[in-house]
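This report refers to the structure that appears directly beneath it.
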Amino acid sequence: MKIAASDYDGTLFRQRTISNETVEGVHEWRAAGNKFGPVSGRDYGMLIPQLKHYGIEYDFTICNNGGIIRDKSDKVIFQGNINGEILKLISEESSVQKSFHFAFSAEEVTYLCHESEGSWIMREANQWDFPINEISESDISNLKNIHQFSLGFKTAQESATCAEILNKKFAKKICAYPNACSLDITPFGISKKQGLDCLIEKMNWHDSEIYVIGDEVNDLPMISAFKGYTVNTARDFIKSQAQKVFSDVGEMLKFFL
């Protein structure tokens, strides 16, 4: 059995759509008895409506950069956690205060506050009908079972700078992953690579061949660990870390089928 795991934004979802070749590639891959699933920084509630809209079937989901993992039946098989007091301290950092929004990912809902012009969270929630609970910044320390804290900035440089500050100040408590203008903060040790390791362990898929593909910095842990691949729109730095560059996910699946 072969397992293919794909990043979503910029990899599976490109130029505001998922190509017909990729949809067909996923169908053929799974029809041959193999497994396919997304490994995304997105919340489950943000991701699944889009997969269904474009006709992408899946055997697992790894969301929030490995923060929460579900099986084919959408049952949670792993969930990380960031302490509410740590969330509050992070939110008070000057670099974090520049974010368009504070979005906190729980199992069934996204909590949102500090929203300003430029934020895309509520817009996508309305478009794809996923649950949002609006809170105030004073509620942050009381949040429980949060496995990702997400930010958004005007530029990729702001996101990268904020990540560097947080990873240094909160070392061994959180991991901050910049992804273009977004910044995802997960519990320490959580990554897309860790998510795949956990999935393989939970599902007893130890003897399977693993194929991963992504296009950003937060994909590098899994690309490095599994000798993975990227797409032709990735930056040169990402391409240099990949074993091969494909035109899209469908091409990779058909290549290894």
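The values are calculated or read from the model by the stated rules, or taken from the named source; none is laboratory data. Remember, predicted model here, so these are calculated numbers, not experimental data. Here the Cβ positions follow ideal geometry from the backbone for every residue, glycine too, while neighbour counts run over all protein chains shown. Ligands, DNA and RNA are stripped out before the accessible areas are found, and what is left, the full protein with its side chains, is counted by its heavy atoms. Shrake-Rupley method; radii C 1.70, N 1.55, O 1.52, S 1.80 Å.
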Could you please give the count of residues in segment 102-131 that are more than 23 Å from Ala171 (Cα to Cα) and outside any helix (DSSP H, G or I)? 17
Among Asp184, Asp197, Asp236, which is modelled with pLDDT of 95 or more, among the acidic types (Asp, Glu) and buried (at least 20 other Cβ atoms within 10 Å of the Cβ)? Asp184
Exclusive hit being of a type in the set (Asp, Glu) and out of contact with any helix residue (DSSP H, G or I) (no Cβ under 9 Å at 6 or more places or on another chain), set Glu107, Glu117: Glu117
Taking into account only those residues within segment 29-47 that are closer than 18 Å to Ala4 by Cβ and hydrophobic (A, V, I, L, M, F, W, C), which is most open to solvent (accessible area, probe 1.4 Å)? Ala31
Would you please list the contacts, defined by Cβ atoms under 9 Å and residues six or more apart or on different chains, that run from a residue in segment 151-172 that is among the hydroxyl-bearing types (Ser, Thr, Tyr) to a residue that is part of a helix (DSSP H, G or I) and open to solvent by less than 60 Å² (accessible area, probe 1.4 Å)? Thr161/Ser95
Filtered residue count, segment 85-99, keeping only those that are open to solvent by 20 Å² or more (accessible area, probe 1.4 Å), assigned to a loop (DSSP other than H, G, I, E, B), of a type outside the set (Lys, Arg) and in contact with a helix residue (DSSP H, G or I) (Cβ under 8 Å, 6 or more places away or on another chain): 1
Any idea which of Ile190, Ile223, Ile185 is part of a loop (DSSP other than H, G, I, E, B) and within 15 Å of the chain's Cα centre (by Cα)? Ile190
